[in-house]
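Please read the structure below before turning to the comments.
The values are calculated or read from the model by the stated rules, or taken from the named source; none is laboratory data. Predicted model only: the values in this text are computed from it and were never measured. Positions of Cβ are generated from backbone atoms using ideal geometry, with glycine treated the same way; all protein chains shown enter the neighbour counts.
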Ligand SMILES: Nc1ncnc2c1ncn2[C@@H]1O[C@H](COP(=O)(O)OP(=O)(O)O)[C@@H](O)[C@H]1O
Ligand SMILES: [Mg+2]
């Protein structure tokens, strides 16, 4: 689905040849500063490569309409910004800003339940812990029903049990909806458990691509 050929970005990334498959779970691992976040931003067309070619579904990524692309490829950044003030606001604003229809409160409540966030819709997001904020950010993203979801270390602010629960939930969601998941993770055990493909990226270069299923 994504095909990178001789892609360079500043002195951060130098990727000779990389394919990322559709409807699979791809995990990206590697040392901090290796370019993992930058790679996700390239895939989302948030930044463009300086040279080389990045194709999405057979076409140069920069040829797509950026708005349409953002609808299809949704990225959850490592430190997502909360909208003030309530949990409900976060859902409605996300839908508004992305040009979607609002949903019923029931819909939002079910999503919170799915992510084990036992809070009222009227709760002020200021009161949420780091891990809870991350789960709310994930809920916002799932509300958009992404076909392709890019997650940047989704579990860095979560304790281990919550981390496992959340990743499992996201993986199930993606599989049920025939979606594609590309996630950066610091956890080798998560990569081993869920990754159909594990890409190791170090110093801006692909060190290894392990296809497991
Ligand atoms: N906008 C930017 N301009 C210049 N350097 C950057 C920018 N973003 C990240 N970097 C640098 O690029 C390298 C890779 O960063 P990043 O993609 O965030 O790595 P990772 O996610 O693997 O930790 C780091 O050395 C970082 O300091
Ligand atoms: Mg990063």
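Each residue in the stretch 22-41 was checked for being within 13 Å of ligand 2 (Cβ to nearest atom) and closer than 24 Å to residue 179 by Cβ, and 9 pass. Is there a residue in the stretch 99-118 that is more than 16 Å from ligand 1 (Cβ to nearest atom), in a helix (DSSP H, G or I), over 28 Å from residue 23 (Cα atoms) and touching a helix residue (DSSP H, G or I) at 6+ places or on another chain (Cβ under 9 Å)? Looking for residues that are more than 16 Å from ligand 1 (Cβ to nearest atom), in a helix (DSSP H, G or I), over 28 Å from residue 23 (Cα atoms) and touching a helix residue (DSSP H, G or I) at 6+ places or on another chain (Cβ under 9 Å), one finds at least one in the stretch 99-118, hence yes. The condition (being within 16 Å of ligand 1 (Cβ to nearest atom), modelled with pLDDT of 95 or more and closer than 27 Å to residue 69 by Cα) is satisfied by just one residue among 150, 181: 150. Restricting attention to the stretch 68-86, and to residues there that are within 13 Å of the chain's Cα centre (by Cα) and in a loop (DSSP other than H, G, I, E, B), which single residue is farthest from residue 203 (Cα to Cα)? Ranking the qualifying residues of the stretch 68-86, first place goes to 80. Note on the stretch 119-132: residues that are in a helix (DSSP H, G or I), modelled with pLDDT of 90 or more and either under 19 Å from the mean Cα position of the chain (by Cα) or under 23 Å from residue 100 (Cβ atoms) (or both) total 2. Just give me the residues in the stretch 50-67 being over 21 Å from residue 8 (Cβ atoms) and in a strand (DSSP E or B), in sequence order. Hits for the stretch 50-67: nothing passes. Within the bounds of the stretch 156-171, is there any residue that is under 14 Å from the mean Cα position of the chain (by Cα), surrounded by 14 or more Cβ atoms within 10 Å (Cβ to Cβ) and over 25 Å from residue 2 (Cβ atoms)? No, the stretch 156-171 contains no residue that is under 14 Å from the mean Cα position of the chain (by Cα), surrounded by 14 or more Cβ atoms within 10 Å (Cβ to Cβ) and over 25 Å from residue 2 (Cβ atoms). Among the residues of the stretch 154-192, those that are in contact with a helix residue (DSSP H, G or I) (Cβ under 8 Å, 6 or more places away or on another chain), without any contact (Cβ under 8 Å) to a residue 40 or more places away in the chain and closer than 24 Å to residue 35 by Cβ comprise 155, 157, 158, 163, 167, 170, 187.
Within the option set 201, 158, 142, being modelled with pLDDT of 95 or more and either away from ligand 2 (no atom under 16 Å from the Cβ) or outside any helix (DSSP H, G or I) (or both) holds for one residue only, 201.
Considering (1) within 16 Å of ligand 2 (Cβ to nearest atom); (2) in contact with a helix residue (DSSP H, G or I) (Cβ under 8 Å, 6 or more places away or on another chain); (3) without any contact (Cβ under 8 Å) to a residue 24 or more places away in the chain, the lone condition that residue 79 does not fulfil carries the number (2).
Among the criteria (1) assigned to a helix (DSSP H, G or I); (2) within 16 Å of ligand 1 (Cβ to nearest atom); (3) more than 21 Å from residue 2 (Cα to Cα), the one residue 191 does not fulfil is (3). Output the number of residues of the stretch 20-49 satisfying the condition of being closer than 21 Å to residue 187 by Cα, outside any strand (DSSP E or B) and within 12 Å of ligand 1 (Cβ to nearest atom). Count: 12.
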